[in-house]
1. How much of the accessible area of the range 134-195, probe 1.4 Å, is carbon plus sulfur, in whole percent?
2. Assign one of three labels to the range 135-201, namely rounded, prolate or oblate, based on the Cα gyration tensor with a ≥ b ≥ c the square roots of its eigenvalues; rounded applies when a/c is under 1.5, prolate when it is not and a/b is larger than b/c, and oblate otherwise.
3. Quick check: from the Cα gyration tensor, does the range 64-113 come out rounded (a/c under 1.5), prolate or oblate?
4. Past the 26 Å Cα-Cα mark, which pairs from Lys138/Lys174; Lys108/Lys138; Lys114/Lys138; Lys54/Lys174?
5. Taking Rh as the Kirkwood radius computed over C-alpha pairs, what is the Stokes-Einstein D of the range 50-144 at 25 °C in a medium of viscosity 0.890 mPa s, expressed in µm² per second?
6. Just the number please: accessible area per residue for the range 81-194, 1.4 Å probe, all protein chains included, in Å².
7. Rounded to whole Å, give me the distance from the Cα center of the range 130-201 to that of the range 89-126.
8. Roll a 1.4 angstrom probe over the protein heavy atoms and tell me the percent of accessible area of the range 57-114 that is carbon or sulfur.
Amino acid sequence: MRLVIRLFLFLCLPAILAACDSQSGDKQSDGAGQVNDDMEQMESVEGESGLSGKLDISQRGSPMLETPFTAPDGATVRLSDFAGKPLLVNIWATWCAPCVVEMPMLDKLAAREKSRLQVLVVSQDLEGPKKVEPFFAKADFAELEPYTDPENGLSFGFGSGLMPTTVLYDASGKEVWRVIGAMDWDGPRAATLMEETLSSK
């Protein structure tokens, strides 16, 4: 009798597992639907490069996160240390292809708007400087510096669930908008998005 039961379970196990996978997939689909519902206040900011991040204004007016992260010299810093001038914060990782595509554009943006805007890129690589410093050495950026956050504090704090995520704060440290996903920071759309904040500096 035990042999029959074991044989039955052995034959039915793939079907049982398939049913679990199907239910899991249904839950994931429902979750994705909820995400879409939550993104009603978003719009596409696709540029000529084909990058199609989503503009989110739902957190407008929120204060800067107080999550600590690490400066290139090893010091512990917070976003509030950069208050006093509009600040564009980008969370990224070396393994994230869209993030890597954005980096040269963010570097150009930082150079172009140097007098009006601070651009801060904070790596979420778990290996920290060990992974990020070689990337920066090879890229030879003009303005960007290798800030790191191996604990992923900013990523969890922003709560977007996606990298890259880029948040613009005004000079008083209040969020203006965020872009979830990559976008063309060289394009006219980016310039238009930032101009109101930068011109009121």
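The values are calculated or read from the model by the stated rules, or taken from the named source; none is laboratory data. Bear in mind that the values here come from a model prediction, so they are computed numbers and not experimental data. So basically every Cβ, Gly included, is an ideal-geometry build from the backbone, and we count neighbours across all protein chains shown. Please note that ligands, DNA and RNA were not included when accessible areas were found on the heavy atoms of the full protein model with its side chains. Shrake-Rupley method; radii C 1.70, N 1.55, O 1.52, S 1.80 Å.
1. The nonpolar share, carbon plus sulfur, comes to 53 percent.
2. oblate
3. oblate
4. From Lys138/Lys174; Lys108/Lys138; Lys114/Lys138; Lys54/Lys174, over 26 Å: Lys138/Lys174.
5. 167
6. 42
7. Distance between centres, Cα-based: 5 Å.
8. Of all accessible area on the range 57-114, carbon and sulfur atoms account for 56 percent.
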